[in-house]
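Have a look at the structure below, then the notes.
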């Protein structure tokens with residue numbers, strides 16, 4: 001196990017208190033806190049925070065001991081969590097740890113700016129939206145990250161049985177022609193919430 | 001680079017799966033549909049607008065298209081476009097079931113006639129027109145029987161009758177379905193015909209396969225653990241691998257292979273439904289297509305591939321005999337619509353997804369939309385998917401998860 005003097009992860013006072021409360025209530029066991037990136041997808045980054053017993057630590061883990069408890073991470077997670085912040089939220093509907101991680105900021109959380117984003121947006125406005133508007137649909141650029149374009153489909157496109165065809169056979173081809181340096185397109189639409197899809201699937 | 005023409009009906013559940021499979025195989029794709037694609041004008045070669053009913057016209061469009069964009073394969077995602085795919089493939093010399101075999105398999109009455117003529121064990125059956133005298137048809141029927149309107153699919157309008165009185169009520173109900181504008185405008189065969197056949201007792205199973213040069217390659221035998229005894233035949237749970245004894249499964253596969261040979265289905269996917277009574281398997285129907293709805297999601301193969309990829313591989317001329325179903329068990333539950341009305345809410349999704357083994361839940365009808373249960377309806381509410389080590393675990397997970405769903409329909 002490799003100890004580090006600086007924690008890659010910051011614990012807020014609330015999160016720290018919460019861990020310490022648990023440890024005090026279970027003082028007979030030397031628990032550590034393991035933080036793991038369960039899914040690094042920017043579409044749905046997910047984290048696991050668990051209390052582990054000493055025999056659950058691994059030799060390759062990165063460990064930090066500066067909050068009054070030990071924090072351990074797999075090396076891969078430690079890299080992805082560098083600069084992340086762990087908070088504790090307490091609300092009427094949910095409570096638990098929340099991880100804010102600039103390395104895996106969810107899609108749409110970064111400002112839409114830069115020449116690549118501008119060109120993609122222009123192509124959508126000029127070519128894509130006039131076409132899908134004929135089916136009552138519209139397409140919105142959510143983000144361009146690492147040359148991947150993230151789009152949201154709305155109106156008649158949201159929930160439409162042919163949305164995947166429109167995306168791959170239409171939008172993707174147009175954007176690749178207009179902005180050749182893009183390397184992929186992801187649809188981040190929640191099609192299940194479509195209220196007026198152009199075409200609903202049936203068996 | 002190879003180019004595949006994917007034929008998708010406008011209400012297809014399968015569009016995303018087939019398009020994704022084609023991209024994974026790195027082939028050019030053209031989508032042919034009875035729906036004019038958005039952006040088609042801006043993406044030459046990407047889309048074709050075709051009719052389901054007018055096969056000759058659609059074939060002419062495809063042949064003309066193929067002179068500019070040579071096709072390596074034509075694959076119909078569903079039953080509706082199978083005749084077009086078969087006829088166009090024959091004209092262009094591509095791998096596919098022959099048109100005559102597709103016609104026979106798609107029409108349940110013709111299928112029965114051909115199987116019986118070939119000496120295949122068949123139930124009593126009779127074909128009537130919905131315009132015939134219902135009382136006379138009821139008097140000549142043998143009971144219990146099942147009435148199946150030939151124009152409909154997916155158990156829609158399929159009703160069991162144990163007495164002439166029930167026969168009369170089923171007949172009226174089917175007449176009502178066939179008079180619905182959406183059904184009347186459907187193109188195709190035998191719109192007003194009803195196949196009346198003996199009810200076959202036993203458990204129901206399904207077989208998924210691809211016929212290669214006339215030889216059935218069985219991809220999965222799926223159990224339907226819910227009893228399907230009527231009066232309606234709503235599909236709910238499908239689980240694979242089958243828990244039936246090996247000897248019975250061999251009989252099931254043999255029954256499908258014999259049907260395939262008699263009907264002449266020689267190259268392409270088949271989906272068969274059978275009844276199993278003791279050691280005996282009887283064919284209910286066989287379709288020249290793969291499993292419907294989102295059900296193919298549960299089928300995974302090794303080396304890693306989806307069902308849609310295997311179908312495309314075969315159509316493109318790549319051998320598929322090295323593939324086998326991935327280990328473990330999987331299943332799907334087609335969520336029934338409890339009552340006619342307007343869908344207001346599907347609660348309990350998170351609780352359902354927490355059940356160990358449950359891999360996904362897709363509600364395919366938007367809130368606010370009118371829903372109609374069988375036998376009049378033709379939609380499922382959605383699909384629950386599960387995967388586990390054993391089939392019984394899959395079935396249990398699906399049942400527990402379903403019990404956690406709270407479907408609110410405002411009756412109308």
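In the set B:59, B:52, B:63, which member is in contact with a helix residue (DSSP H, G or I) (Cβ under 9 Å, 6 or more places away or on another chain), more than 14 Å from chain A (Cβ to nearest Cβ) and either surrounded by fewer than 20 Cβ atoms within 10 Å (Cβ to Cβ) or touching a residue at least 40 places away in the same chain (Cβ under 8 Å) (or both)?
B:63
Filter segment B:14-39 down to residues that are in contact with a strand residue (DSSP E or B) (Cβ under 9 Å, 6 or more places away or on another chain) and buried (at least 19 other Cβ atoms within 10 Å of the Cβ), then give me how many there are.
Of the residues in segment B:14-39, 17 are in contact with a strand residue (DSSP E or B) (Cβ under 9 Å, 6 or more places away or on another chain) and buried (at least 19 other Cβ atoms within 10 Å of the Cβ).
Pick out, from segment B:201-259, the strands (runs of 3 or more DSSP E) lying fully within it that include 1 or more residues that are in the same structural domain as residue B:302 (by TED's automatic domain parsing) and more than 29 Å from residue B:378 (Cβ to Cβ).
B:203-212, B:215-224
Only one residue in A:15, A:27, A:78, A:38 is at pLDDT below 90 and touching a strand residue (DSSP E or B) at 6+ places or on another chain (Cβ under 6 Å), so which one is that?
A:38
Just need a number here: residues in segment B:31-44 that are under 17 Å from residue B:88 (Cα atoms) and more than 8 Å from every other protein chain (Cβ to nearest Cβ).
Adding up the residues that qualify gives 2.
With respect to residue B:188, determine if the residue is surrounded by fewer than 21 Cβ atoms within 10 Å (Cβ to Cβ), modelled with pLDDT under 95, out of contact with any strand residue (DSSP E or B) (no Cβ under 8 Å at 6 or more places or on another chain) and in a loop (DSSP other than H, G, I, E, B).
Values: surrounded by fewer than 21 Cβ atoms within 10 Å (Cβ to Cβ): yes; modelled with pLDDT under 95: yes; out of contact with any strand residue (DSSP E or B) (no Cβ under 8 Å at 6 or more places or on another chain): yes; in a loop (DSSP other than H, G, I, E, B): yes.
Considered against the rule, which asks whether it is surrounded by fewer than 21 Cβ atoms within 10 Å (Cβ to Cβ), modelled with pLDDT under 95, out of contact with any strand residue (DSSP E or B) (no Cβ under 8 Å at 6 or more places or on another chain) and in a loop (DSSP other than H, G, I, E, B), residue B:188 comes out as yes.
Working only within segment A:131-150, note down all residues that are assigned to a strand (DSSP E or B) and in contact with a helix residue (DSSP H, G or I) (Cβ under 9 Å, 6 or more places away or on another chain).
Selection gives A:137, A:138, A:139, A:140, A:141, A:143, A:144, A:149.
One line per residue, one yes/no per condition, for (1) crowded, with 21+ Cβ neighbours inside 10 Å; (2) within 14 Å of chain A (Cβ to nearest Cβ):
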residue	(1), (2)
B:312	yes, no
B:321	no, no
B:324	no, no
B:342	no, yes
B:358	yes, no
B:361	yes, yes
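For segment A:46-74, which positions are touching a residue at least 60 places away in the same chain (Cβ under 8 Å) and touching a strand residue (DSSP E or B) at 6+ places or on another chain (Cβ under 6 Å)?
Within segment A:46-74, A:61, A:62, A:63, A:64, A:67, A:71, A:72, A:73 meet the criteria.
When the residues of segment A:179-201 are narrowed to those that are facing chain B (nearest Cβ under 10 Å) and not in a loop (DSSP other than H, G, I, E, B), which ends up modelled with the highest pLDDT?
A:187
Identify all residues within segment B:9-28 that are facing chain A (nearest Cβ under 7 Å), touching a residue at least 24 places away in the same chain (Cβ under 8 Å) and not in a loop (DSSP other than H, G, I, E, B); write none if there are none.
B:15
Scan segment B:73-125 for residues that are surrounded by fewer than 19 Cβ atoms within 10 Å (Cβ to Cβ) and out of contact with any helix residue (DSSP H, G or I) (no Cβ under 7 Å at 6 or more places or on another chain) and jot them down.
B:93, B:100, B:113, B:116, B:117, B:119, B:121, B:123, B:124
The values are calculated or read from the model by the stated rules, or taken from the named source; none is laboratory data. Being a predicted model, the structure only gives us computed values, none of them experimental. Here the Cβ is made from the backbone with ideal geometry for all residues, glycine too, and neighbour counts use every protein chain on show.
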